[in-house]
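The structure appears below as structure tokens.
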Ligand SMILES: Cc1cc2nc3c(=O)[nH]c(=O)nc-3n(C[C@H](O)[C@H](O)[C@H](O)COP(=O)(O)O)c2cc1C
């Protein structure tokens with residue numbers, strides 16, 4: 001994204017102090033647009049509203065996003081207006097700050113082998129994009145992600161995955177969407193499923209043996 005001239009801010013939800021939403025709706029009625037809680041979310045709300053490209057990144061935890069990212073998402077409620085309107089045949093809350101051409105993309109990895117492990121997360125992110133009045137710009141999804149680093153360090157040919165991820169960053173800034181080709185390369189099979197299970201179970205057994213556990 002930086003290659004293409006974008007100004008990029010990166011925040012790690014795990015490192016942010018963000019209290020859970022308490023469902024008070026003070027941000028809609030008592031203090032419209034502002035949460036009653038004071039924490040790291042304060043400066044981020046307007047940044048999120050104004051960002052042309054939002055990229056949410058998460059590993060798959062129990063078939064969805066991590067707790068800290070969901071916690072963060074819940075705290076985005078103040079940027080919406082309490083009024084309900086119908087958009088694309090569906091109830092939505094209008095965003096307070098209108099942004100033409102805003103997009104939202106997803107970057108995720110998961111432990112299991114199959115690409116469909118991302119299905120619930122992708123459905124969720126598409127709904128979030130609609131709620132935030134943004135176009136869904138695609139996703140970089142890396143199944144059996146744990147295999148990538150050992151393969152890279154072992155000198156195996158996985159450079160195309162990283163090159164495609166870089167090109168995806170350029171594409172989203174240039175065209176407002178991740179190119180289909182790059183999405184496919186990033187998600188490509190790294191090794192057959194049976195081989196993946198063999199390697200994973202052998203490593204797991206070795207680690208447990210070392211600790212004297214079963
Ligand atoms: C609490 C927890 C739940 C997980 N649930 C899933 C899951 O439902 N499906 C899956 O494919 N991987 C699951 N994983 C594996 C992670 O997605 C995987 O290890 C990923 O590579 C972790 O990302 P990281 O390397 O960025 O920490 C889970 C891992 C943890 C710790």
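Bear in mind that the values in this text are calculations on the coordinates, not laboratory data. Here the structure is a predicted model, which is why all the values come from computation and not from measurement. Cβ sites come from the backbone with ideal geometry, for glycine too, and all protein chains shown count toward neighbours.
Quick notes on this one:
- Fully extending the segment from residue 81 to residue 28, taken as 0.36 nm per residue of separation minus the present Cα-Cα distance, adds 18.4 nm.
- Helical runs assigned H by DSSP (4 residues or longer) give the chain a calculated mean residue ellipticity at 222 nm of -11500 deg cm²/dmol, each run adding -39500 (n - 2.57) before division by the residue total.
- Arranged from fewest to most other beta-carbon atoms within 10 Å of their beta carbon, 158, 103 become 158, 103.
- Cβ-derived FRET efficiency at R0 30 Å, residue 74 paired with residue 119, nearest 0.05: 0.85
- Ascending count of other beta-carbon atoms within 10 Å, so fewest first, for 12, 136: 12, 136
- Extension gain for residue 191-residue 156 works out to 11.5 nm (0.36 nm per residue, less the C-alpha to C-alpha distance).
- Normalised by residue number, the volume inside the convex hull of the Cα atoms of the chain is 156 Å³ per residue.
- Legend: ranking of residues 185, 86, 172 from fewest to most surrounding C-beta atoms inside 10 Å; resulting order 86, 185, 172.
- Separation of alpha-carbon centers, region 39-70 and region 152-183, rounded to whole Å: 22
- DSSP beta bridges confined to region 13-210 are antiparallel in about 30 percent of cases.
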